[in-house]
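Coordinate-derived values only; no laboratory data. What you see is a predicted model; the values in this text were computed from it and never measured. Backbone-built Cβ (ideal geometry, glycine too); neighbour counts: all protein chains shown.
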There are 2 protein chains.
Amino acid sequence: MKAYCPEEFFSRSELDKVQKTRLATTLERAARSDFYGRRFAEMGIRPEAITSAADVARLPFTTKDDLRSAYPARMLTRPVSDMVRLHASSGTTGSATVIYYTRNDIDSWADLMARCMHMVGIRAEDTFQNMSGYGLFTGGLGIHYGAERLGCLTIPAGAGNSKRQLKLLEDFQVSVIHIIPSYALHLGTVKDEMGYTPDRLNLRVALIGAEPHTAAIRKRIEEVYGIKAYNSYGLSEMNGPGVAFECLEQSGMHIWEDAYLAEIVDPETGEQLPDGEIGELVITTLCREGMPLIRYRTKDLTRFIPGDCACGRTHRRLDRIMGRADDMIILKGVNIYPMQVEQVLMSIPEVGQNYLIVLERDGYLDQMRVKVEVKEEYFVEDMRELKSLQSRISSRLRDEILITARIDLVEQNSLPKSEGKAQRVLDLRE
Amino acid sequence: MKAYCPEEFFSRSELDKVQKTRLATTLERAARSDFYGRRFAEMGIRPEAITSAADVARLPFTTKDDLRSAYPARMLTRPVSDMVRLHASSGTTGSATVIYYTRNDIDSWADLMARCMHMVGIRAEDTFQNMSGYGLFTGGLGIHYGAERLGCLTIPAGAGNSKRQLKLLEDFQVSVIHIIPSYALHLGTVKDEMGYTPDRLNLRVALIGAEPHTAAIRKRIEEVYGIKAYNSYGLSEMNGPGVAFECLEQSGMHIWEDAYLAEIVDPETGEQLPDGEIGELVITTLCREGMPLIRYRTKDLTRFIPGDCACGRTHRRLDRIMGRADDMIILKGVNIYPMQVEQVLMSIPEVGQNYLIVLERDGYLDQMRVKVEVKEEYFVEDMRELKSLQSRISSRLRDEILITARIDLVEQNSLPKSEGKAQRVLDLRE
């Protein structure tokens with residue numbers, strides 16, 4: 001497959017070299033901003049002393065609170081008049097955060113996004129329907145600019161209005177869509193209800209992102225539409241979409257390391273973790289000129305997938321997002337993420353929709369109990385079968401989280417359901 | 001004032017020359033589309049026989065129905081894969097219309113829009129908040145691209161959420177907004193309720209368009225915000241916004257005649273009307289390559305304002321949009337538009353909010369009766385004063401529409417109010 005740009009297939013040493021140069025430029029730029037200028041001065045950081053990408057660990061983190069305290073413009077490296085775009089989070093109180101872009105920033109963002117789309121075979125001949133909301137949300141304009149850069153026929157459909165989305169899909173024989181996973185499932189139902197059979201559509205690829213989702217959901221989207229769905233990762237603090245993207249192998253999202261210096265750290269200690277271990281993704285921008293961010297704590301939990309990708313790209317792969325750092329449980333000194341438990345449970349066919357993680361204290365010892373709903377057809381009277389299921393779950397969990405949990409099997413619909421985001425963890429320790 | 005581009009201050013002869021050349025190119029391109037190819041063949045039209053811009057009158061009109069019948073792609077001059085954007089009207093039934101854009105079309109659209117904004121003093125140093133909905137509606141992306149072309153700091157706020165709009169206006173000291181007139185009035189109320197005093201904001205200019213509005217509404221917007229408001233004209237069939245725009249003189253919207261060949265025609269006969277007479281605006285695209293439109297009937301009623309503009313530009317000026325061609329009344333062989341009546345009434349201080357035009361037959365003669373609400377403080381018992389008001393209205397109307405109407409003065413709130421679009425005309429003839 002033809003590369004979109006040379007950087008796409010850089011060797012590891014080329015990536016290291018470009019990271020080193022761009023990190024130096026980034027620090028030099030950042031030091032010109034009021035926020036980083038003061039911070040570097042206070043902490044005695046001399047940008048010129050950072051001589052390799054590994055040195056980044058000696059720099060302080062930047063947090064969402066820092067972004068808020070620098071609101072609106074204390075992180076800019078150049079006058080506001082040099083900026084051409086601004087995206088802001090939706091807060092109307094003091095909690096809003098804002099990212100500014102120069103013309104070059106918009107340009108390199110569009111280019112990164114185009115690279116992502118090109119990687120999964122999207123070309124100028126494709127017709128692309130963008131089902132993201134536009135406006136201040138970066139998912140709309142971000143992917144729009146990428147598609148336009150590639151030369152796709154771009155339909156800026158925006159969010160919602162399923163009947164119309166489907167009409168556009170059919171009338172213009174759309175081949176590629178950008179869609180939020182939960183909406184993809186909803187639209188799939190409307191599609192079937194309205195009789196949009198596969199022969200009426202020409203869909204080939206979906207870009208999915210903007211909300212964490214499981215492998216099972218991706219598979220379901222692929223089946224519902226008869227297409228390939230590729231995971232997209234981004235956040236407005238890092239421009240928006242276009243930060244990391246799956247290749248045709250669908251085994252992790254390559255984070256573009258010529259543009260982003262990525263680390264995985266322990267959310268508690270801030271220490272860098274080796275490839276393979278789950279932790280918080282921390283990113284330093286390497287190309288942004290208007291508003292560089294140094295070691296930004298994304299709060300997103302993931303890991304670097306160890307080993308090489310069959311596609312030949314050396315940009316490391318992020319695993320799917322496993323939740324938010326705030327959700328982390330520490331038990332017996334081990335970091336555990338609810339999403340790890342969920343992934344194990346959902347891989348076991350007998351397990352139903354709902355579960356609850358209960359943390360309790362047994363004397364001096366912390367324990368984890370997992371209450372698991374069993375599907376009706378498997379909730380049999382035969383105790384031997386239930387015992388066997390129980391020990392299968394326990395051992396699979398131990399493999400994943402290194403902790404032996406007590407497993408309570410319960411009947412379907414017996415666990416409390418919460419509106420919206422399910423309450424998955426109950427902490428009874430104290 | 002510096003010009004944005006040479007075309008902005010072309011002399012009349014330069015404009016005529018460029019129109020002639022571009023009309024020839026446009027016809028040649030159009031003939032390659034399935035739709036125009038057939039039509040030209042059927043009607044024996046040879047594009048090469050059209051040798052001056054005035055010859056355009058020999059070409060057939062294109063209507064919205066033609067657009068529908070050519071749906072989705074029969075008007076394209078090149079393969080769909082050469083197109084990079086598509087905007088569609090909101091219809092989900094057979095009535096949708098669609099406009100395709102090549103990369104050059106997007107580019108020249110952005111350039112026209114930037115020219116409009118530059119004309120009223122908007123520069124790279126400005127911070128611009130776009131309060132238009134994005135997506136398939138051309139007002140959002142169209143003006144966004146123009147502002148970005150100019151290098152303004154662009155805030156893609158999108159429509160609605162007044163509290164947030166105001167917060168953005170204040171926090172980023174926004175100097176220019178794009179806003180729909182009715183929303184501008186609504187937001188002004190919220191602004192005052194929330195205590196956004198003039199010293200907290202930095203607004204200078206509003207671009208207003210997308211719905212017909214009176215001079216009084218523009219004046220009100222200017223007062224509410226303490227700014228200048230400039231009228232913008234466009235329609236998605238002609239790309240979107242950027243077709244015609246007011247200059248600093250605020251006396252009509254210059255239609256960019258290097259890009260659009262404009263005519264005003266009698267909606268009934270299709271005959272061209274001289275400058276100054278009200279009729280339907282008909283436009284031929286001169287720069288569009290993907291999907292040129294020949295003599296497109298906009299249904300919008302306006303006139304060319306006679307005489308030269310003090311700004312020195314020779315691109316002719318459109319008067320504000322006076323309604324839709326479908327609203328035209330024919331009375332005693334005279335074309336009358338409800339908006340003409342409204343403008344006269346609203347210029348008279350004693351007149352209230354509501355009025356009703358009644359068309360009736362008196363023997364063999366058609367007559368117009370106008371029921372006019374009078375403001376409470378003017379609805380006095382002194383019959384002489386009311387008689388005097390009556391004859392003033394009648395004579396002002398006669399000056400405008402050349403018809404002597406019967407005027408009934410009625411009390412405030414006595415005329416039926418309709419939800420949404422007011423019913424202004426009652427036709428009792430048969």
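Globularity index of region B:145-188 is 1.17 (Cα radius of gyration / 2.2 N^0.38 Å, N = number of residues).
Is the shape of the protein assembly as shown best called rounded, prolate or oblate, per the rule: a/c under 1.5 gives rounded, else a/b larger than b/c gives prolate, else oblate, with a ≥ b ≥ c the square roots of the Cα gyration tensor eigenvalues? It comes out prolate by the Cα gyration axes. Here is the P(r) of chain A: all C-alpha pair distances, binned every 20 Å from 0, give 24, 53, 22, 1 in whole percents. The 3J(HN,Hα) values that the Karplus relation (6.51, -1.76, 1.60; θ = phi - 60°) gives for region A:18-23 are, in residue order, 5, 4, 4, 4, 6, 5 Hz. Gly and Pro appear as x.
Reducing region A:288-302 and region A:1-62 to their Cα centroids gives an inter-centroid distance of 12 Å. Karplus-derived 3J(HN,Hα) values for region A:39-55, using 6.51 cos²θ - 1.76 cosθ + 1.60 with θ = phi - 60°, are 4, 4, 5, 4, 9, x, 8, 9, x, 5, 7, 8, 10, 9, 4, 5, 4 Hz; glycine and proline are entered as x. The base-10 log of I(q)/I(0) for region A:329-427, evaluated at q = 0.14, 0.21, 0.23 Å⁻¹, reads -0.51, -1.12, -1.30 [Debye formula, identical scatterers on Cα atoms, solvent excluded].
Share of antiparallel DSSP beta bridges in the protein assembly as shown, in percent to the nearest 5?
60 percent
Close amide H pairs (under 5 Å, H built 1.01 Å from N) link A:Gly242 with A:Tyr233, residues at least 5 positions away or on another chain. Pairs over the 25 Å Cα-Cα cut-off, from the set B:Lys163/B:Lys228; A:Lys163/A:Lys228; A:Lys17/A:Lys64; A:Lys163/B:Lys163; A:Lys163/B:Lys64; B:Lys64/B:Lys228: A:Lys17/A:Lys64; A:Lys163/B:Lys163; B:Lys64/B:Lys228.
The phi torsions of region B:197-203, fed into the Karplus equation with coefficients 6.51, -1.76 and 1.60 and a -60° offset, translate into couplings of 6, x, 5, 7, 10, 10, 5 Hz, rounded to whole numbers, with Gly and Pro shown as x.
Looking at region A:1-326 alone, DSSP beta bridges between its own residues are antiparallel in about 65 percent of cases.
Just to be sure I understand: of the beta bridges DSSP finds with both ends in region A:329-427, what percent are antiparallel, rounded to 5? Once the DSSP bridges in region A:329-427 are tallied, antiparallel ones form about 55 percent. Each stretch of four or more DSSP H residues adds -39500 (n - 2.57); spread over every residue of chain B, this sum gives -9000 deg cm²/dmol at 222 nm.
Using unit Cβ charges (K, R positive; D, E negative) and no other charged atoms, how large, in debye to the nearest 20, is the dipole of region B:1-327 about its Cα centre?
The dipole magnitude comes to about 560 debye.
Which one of B:Ser391, B:Ser236, B:Ser69 has the biggest mean-square fluctuation once chain B is modelled by GNM with Cα springs under 10 Å? Taking springs between Cα atoms under 10 Å, the residue moving most is B:Ser391.
State whether region B:78-146 is rounded, prolate or oblate according to the following rule on the C-alpha gyration tensor (a ≥ b ≥ c being the square roots of its eigenvalues): a/c under 1.5 gives rounded; otherwise a/b larger than b/c gives prolate, and the remaining case gives oblate. Because a/c hits 1.5 or more and a/b fails to exceed b/c, region B:78-146 counts as oblate. Expressed as a fraction of 2.2 N^0.38 Å, the C-alpha radius of gyration for region A:200-351 is 1.09. Extent of region A:1-103 along its three principal axes (Cα atoms, max minus min coordinate, largest first): 46, 39, 23 Å. Computed over the Cα atoms of region B:274-350, pair by distinct pair, the Kirkwood hydrodynamic radius stands at 14.5 angstrom.
Between the alpha-carbon centres of region A:185-251 and region A:394-412 there is a gap of 31 Å.
As a footprinting exposure proxy, order B:Trp109, B:Trp256 by other Cβ within 10 Å, with the fewest listed first.
Sorted ascending by nearby Cβ count, the order is B:Trp256, B:Trp109.
Show the residues, 5+ positions off or on another chain, whose built amide H is closer than 5 Å to the amide H of B:Thr62. Amide H neighbours of B:Thr62: B:Tyr296, B:Arg297. Compare B:Arg316, B:Arg288, B:Arg78 in a GNM of chain B, Cα atoms joined below 10 Å, and give the one with the largest fluctuation. With Cα springs under 10 Å in chain B, the top fluctuation among B:Arg316, B:Arg288, B:Arg78 is at B:Arg78. Reachable aspartates and glutamates from A:Lys332, Cα under 19 Å, same-chain residues fewer than 8 places away excluded? Cross-link targets: A:Asp266, A:Glu268, A:Glu271, A:Glu277, A:Glu360, A:Asp362, A:Asp366, A:Asp399, A:Glu400, A:Asp427, A:Glu430.
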